[in-house]
Every structure is written in C-alpha cells, then in structure tokens.
1. Tell me, 72, 112 in order of fewest to most beta-carbon neighbours within 10 Å?
2. Where does each of 28, 41, 80 land when they are ranked from fewest to most other beta-carbon atoms within 10 angstrom?
3. Please work out the Kirkwood hydrodynamic radius for segment 2-50, using every pair of different C-alpha atoms, and report it in angstroms with one decimal place.
4. Order of 42, 10, 68 from fewest to most other C-beta atoms within 10 Å?
Amino acid sequence: MIAVVLSGVTVAIAVLSMFARALIPVQDGLLSLIAQVGSNDTQWIWHLVVSAATIAVAVVLARRGQRTGALFLAILGLLDLKNRLSTAGRPLEMLTAAGPGNRADIWWVLIFAGLASWCWPGGSLRRAGRARWPS
C-alpha cells in the first residue's frame, strides 16, 4: 500500500521535474525509498507489526466482552504470525521444516503448553472447575 502511494507521488514528481529540474533528486530519493519499502525484509517486518496490532485489538475487544470479534482477530493475527515466523530462513523454520513426523503436532503441544503455563500460576482453571462442579 505504501509503495503504491509513493509510486503515485513519484510519477507526479516525474511530470513536474520536466519543468523544474531541481525535483530530479527528490524523484531519485523516492525511487530508492520505494525499493526499500518493497523489499522482502521490510514486508516481513510490516506483517509482524500488523499481526501484533491485530492481536492487541483482539485483547482489547476481549476485555470489553466482545468475544466474537476478539476470537476472529486473535485467530487471524496468530495464524499470520505463525506463518510469517515459520517460513524459510525465519526463527521458527525448524518447526515446519521437512522431516520425519507430523509438524502440526509440535504446534498443538506448544499451544496447550502455552495455555497451561498461562492458567497455572493463577489457578484460574481450578477455580473455574470448582465453581462449575462443586465437590
């Protein structure tokens, strides 16, 4: 999106630079900026930022009691985050690399271990179980 807007500005400056030669260095600077914004590493970082923002909005929605929107945004953000971090050459590549066994099992173990570690310190699962099924 940013590259599209910058390219439109660059085209406008290219037309204006036909009349004012002083704009040619500005056009060169914008073209180099477009090249940097369009690089794979910049796009990867941008996707991580957007995924983190999506998860943050999901947390805000969950705190306000809007479960449906929070669930949708959390799933969307976490799946994109997992996919971006586990592509070739990225930090979690080892979890999706080709090899023996089913790599989806690793993700399920990580999800349930994360849930257990999140719920364990406060004992919220035990309190919820006692409230629902008194002994």
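Just so you know, all these numbers are worked out from the coordinates, no wet-lab data involved. Predicted model only: the values in this text are computed from it and were never measured. Methodologically, a virtual Cβ is constructed for each residue, glycine included, from the backbone with ideal geometry; neighbour enumeration extends over all protein chains shown.
1. 112, 72
2. Ranking 28, 41, 80 by Cβ neighbours within 10 Å, fewest first, gives 41, 28, 80.
3. 11.6
4. Fewest-to-most ranking of 42, 10, 68: 68, 42, 10.
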